[in-house]
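**Q** Take this structure first; my questions come after.
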Amino acid sequence: MKIRFADSRPAGEYALVLPVAGKDRGTLSSLGASEKAVSAALDRQRFEGDASGVAEQFYDDGGGARRLIVVGTGSSAPKEAAEKLGGNAVARLLTSGEKIAVIDITGLNYDADAAARVGFGALLRSWRHDRYRTKLKDNQKPTLEEVVVVGGDPAAAKRYEDRWAPVAKGVSLTRELVTEPANIIYPETFVDHVTASVDGLGLEVEVLDRAAMTELGMGALLGVAQGSVREARLLILKWTGAGAGAPPVAFVGKGVTFDTGGISIKPAAGMEAMKWDMGGAGAVVGAMKALAGRKAKANIVGICGLVENMPGGNAQRPGDVVTTMSGQTVEVINTDAEGRLVLADAVTYVQRNFKPTAIIDLATLTGAILISLGHEWAGLFSNNEDLAGKLQAAGEESGDKLWRMPLAETFDRLIDSPIADMKNVGPREGGSITAAQFIQRFVENDTKWAHIDMAGKAWSDKAASTFDKGATGFGVRLLDQYVADNLEH
Ligand code: BES
Ligand code: MN
Ligand code: ZN
């Protein structure tokens, strides 16, 4: 979909979108003679202008009936209200039959950034995945082609192009990877898809295959992959926006392209959800695309551990002991606790090769985090107060919210093994915490590290202002905002 910024409403056919903040209906004055009738119709619909309210009607626009969408913006801060305004308008109009939406923000006193975010919210909400829906009826197909944001600050168009359009592209890449089923996206094709998608952006791409990872001794990652006919990959994306020399911050993503549980196989009901067990890796590549797209002045390396976790004649067994790239050994008690095994070797690899100043890993790691935080917050674990605080702030700012969880020696002891250096699961209680403790055992020399358990966030069963049901793109905006606020000076 095309997003445009203009000084005045275009001629011809379009649906008009007007924001209304609470009880103040001043923005309706531009409707001229129709203002009173529209306002009366809003009353009869019990429209109150709060942030979730949307009302639709037709009004007489001097000779023709024009569709009008009135979107409540409530009393939230302009940038949040702006994204919701764009998103809610598109949600309403995407398959409405209208081709053009004109969102008139005249009189709202939005700065260039807030005005740009109207377009950003609109673009985010327009994303859909219809590739396999070959029998959509005409009235189910999207019709909206263009959103024109009218009456904003003249600098909004540039702000949109420079800051937000690249982030939307990153989010779209993530959503696409998360949505595609596991017969389409597996380690090799994940790499191919990403490579094609970031082509020309100036990212350096490196890929390790099984032989290279065997050479490096990545026994934990390869142990997970060995039950599948799909070969594992390690994908490395480098962005040196701050110039060569300065050490990077590392993003590490869990990329389990399908998680059956392996020999510790999962129950059948709902197992299809495990196609999105690569949501952490999806967020990492989406963020890298966003940062490169907007030429962020920072050095970042993004690493994805890509495997498929399958049962099979060659699958690893419960009780197997694997040797990780770090040299530490792991007793694999439960083959369904595979994400931490993949992350362990990816975290070691990034430290040995890049000496990062901080490591942030993202993973759909545990069902237990859903029990703790539901679908509202992702869990944040960190060995560093400063990094944790900055990530939480970026979470608030971007909407990808994080809730801090504890780490402690007493939890760490729960993963000691009688036969190896550690086992890959602790007791059921505190399952997200022992999973984080496991990853922490691979963090060397007190490197700043944060782990984000986003099992409740990669996928949503209900639509919101900036995404439809399905893949959310969680993590892209979080990482982008963290970089913007802390690394680009
Ligand atoms: N990918 C799952 C975690 C998950 C569960 C993500 C539900 C999204 C929704 C992970 O690999 C897993 O299977 N974790 C196990 C760990 C257990 C065996 C210690 C879990 O959470 O049950
Ligand atoms: Mn699992
Ligand atoms: Zn998993």
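Values quoted throughout were computed directly from the atomic coordinates according to the rules given, and no laboratory measurement underlies them. This one's a predicted model, so the numbers in the text were calculated from it and none came from an experiment. Ideal geometry is used to build each Cβ from the backbone, glycine not excepted, and the neighbour counts take in all protein chains shown.
**Q** Over the Cα atoms of the chain, each weighted equally, I'd like the Debye log10 I(q)/I(0) at q = 0.07, 0.10 Å⁻¹, rounded to two decimals.
**A** For the requested q values the scattering log ratios are -0.40, -0.75.
**Q** For helix 78-93, what angle does its Cα long axis make with the longest principal axis of the chain, in degrees from 0 to 90 and rounded to 10?
**A** 80
**Q** Taking 0.36 nm per intervening residue step and subtracting the Cα-Cα distance, what contour gain separates residue 404 from residue 329 on full extension?
**A** The residue 404-residue 329 span can extend by a further 24.1 nm.
**Q** Measure nothing but the geometry: give the 0 to 90° angle between the long axis through the Cα atoms of 339-354 and the longest principal axis through the Cα atoms of the chain, rounded to 10°.
**A** Computed tilt is about 90 degrees.
**Q** For a label point 7 Å from the Cα of residue 143 along Cα→C-beta, name the residues of region 83-98 whose backbone N is under 19 Å from it.
**A** 88-98
**Q** Remind me, relative contact order of region 88-197 in percent, using alpha carbon pairs under 8 angstrom and six or more residues apart?
**A** Answer for region 88-197 is 38 percent.
**Q** 222 nm [θ] for the chain, helices only, -39500 (n - 2.57) per DSSP H run of 4+, per residue, to 500?
**A** -10000 deg cm²/dmol
**Q** Follow-up question, since we're still on this one. Only Cα pairs under 8 Å and at least 6 apart count here; give the relative contact order of the chain as a rounded whole percent.
**A** Relative contact order for the chain comes out at 15 percent.
**Q** Using the Kirkwood radius built from alpha carbon pairs, what does the Stokes-Einstein equation give as D for region 276-358 at 37 °C and 0.692 mPa s, in µm² per second?
**A** 222
**Q** Roughly what % of DSSP beta bridges within region 2-153 run antiparallel, to the nearest 5?
**A** Within region 2-153, antiparallel bridges account for around 30 percent of the total.
**Q** With a cap of 12 neighbouring Cβ atoms within 10 Å, and only residues DSSP puts in a loop, list the GluC sites (Glu not before Pro) found in region 113-166.
**A** Counting only loop positions with at most 12 other Cβ atoms within 10 Å, the GluC sites (Glu not before Pro) in region 113-166 are 145.
**Q** For helix 165-179, what angle does its Cα long axis make with the longest principal axis of the chain, in degrees from 0 to 90 and rounded to 10?
**A** So the helix axis and the longest Cα principal axis differ by about 60 degrees.
**Q** Over region 112-163, what relative contact order in percent results from Cα pairs under 8 Å that are six or more residues apart?
**A** 76 percent.
**Q** For residue 109 and residue 317 in the same chain, what is the full-extension length gain: residue separation times 0.36 nm, less their Cα-Cα distance, in nm?
**A** Result for the pair: 68.7 nm of gain on full extension.
**Q** Which trypsin sites (Lys or Arg not before Pro) does region 403-467 hold that lie in a coil by DSSP with at most 16 other beta carbons within 10 Å?
**A** Listed in order of number, the matching sites are 428, 462.
**Q** Could you work out the per residue convex hull volume over the alpha carbons of region 1-154, in cubic angstrom?
**A** 112
**Q** Pulled fully out, how much extra length does the chain show between residue 11 and residue 370, if you take 0.36 nm times their separation in residues and subtract their Cα-Cα distance?
**A** So the extension gain works out to 124.3 nm.
**Q** Report, in listed order, any pair from 423/462; 23/99; 169/266; 169/295; 135/254; 99/469 with a Cα-Cα distance greater than 25 Å.
**A** 423/462; 23/99; 169/266; 135/254
**Q** For region 347-435, what is the Kirkwood hydrodynamic radius in Å, using each pair of distinct C-alpha atoms?
**A** That comes to 14.7 Å for region 347-435.
**Q** Taking the Cα centre of each part, how many Å lie between region 453-482 and region 91-134?
**A** 18
**Q** Further question: Pull up the DSSP beta bridges for the chain and report the antiparallel fraction as a percent, rounded to 5.
**A** 40
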